[in-house]
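Remarks on the structure that follows.
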Amino acid sequence: MIKSGPITIRLVSEDDVAILSKWLTNPDVLYFYEGRDQPQSPEQVRKQYMNHKDQRNQNCIVEYEDTPIGYIQFYPLTDQEKKSTGYWKETNVWGMDQFIGETHYWNKGVGTRLVSCMIDYLTRELGAKAIVMDPQARNKRAIRCYEKCGFKKVSFLPRHELHEGVYEDCWLVEYVSNDETTGN
């Protein structure tokens, strides 16, 4: 469990399947995460979002003041992922993805608190040298949040992610621990 002020991050459990499915069938959430053409039934959530022993992702629920409000996953980049993103010489590079599923928490600074909390955990506790994400270029609210937390745009990724049947442009953004230059 990771805790910072009102934010708690804990591993997903079977008790979270219904709320994850609720968020992942909400068109407002799916517009930014997964796609409105990809609603997730409880069974799909179990398959994709539960923590399995053989996966490297840490799938977590985000709570704000003890209320589940979103999801975050974090994972060490594989050698192939490091090579494709320009971090092939680096060790201990992490990726993360997240969403706030309770939309009434949008635009209140909660995402910034969440991302800052995860940066602190990954760099201090896990020794991350860099953290990367690839948000869709049209998701300006998320990109502003990441930039507030110290992420920088390092590479434009045209037609990078299939979303609702269209390849969307994305940005590779990075947070570098101790202001070192690691990426592209």
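When the chain is modelled as a GNM with alpha-carbon springs shorter than 10 Å, which of Gly95, Gly70, Gly86 fluctuates the most?
Most flexible of the set in this elastic network: Gly86.
Rounded to whole Hz and in sequence order, give me ³J(HN,Hα) for segment 100-110 from the Karplus expression 6.51 cos²θ - 1.76 cosθ + 1.60, θ = phi - 60°, writing x for Gly and Pro.
So the J values, rounded to whole Hz, are 9, x, 8, 5, 6, 8, 5, 6, 10, x, 5.
Quick one: how many lysine pairs in the chain have C-alpha atoms under 16 angstrom apart, if they're 8 or more apart or on different chains?
10
Where in the chain is the longest stretch that carries no trypsin sites (Lys or Arg not before Pro) classed as loop by DSSP and with at most 12 other Cβ atoms within 10 Å?
Segment 109-184 is the longest.
Kindly provide the GluC sites (Glu not before Pro) of segment 115-184 that DSSP labels as loop, not H, G, I, E or B, and whose Cβ sees at most 15 other Cβ atoms within 10 Å.
Loop-located and lightly packed - Glu164, Glu180.
How do Ser84, Ser177 rank when sorted from fewest to most other Cβ atoms within 10 Å of their own Cβ?
Neighbour counts put them in this order, fewest first: Ser84, Ser177.
Using Cβ counts within 10 Å as a stand-in for footprinting exposure, how do Tyr87, Tyr31 rank, fewest first?
Lowest to highest Cβ neighbour count: Tyr31, Tyr87.
Coordinate-derived values only; no laboratory data. As the structure is a computational prediction, the values presented were derived from the model and not from experiment. Virtual Cβ from ideal backbone geometry, glycine too; neighbours counted across all protein chains shown.
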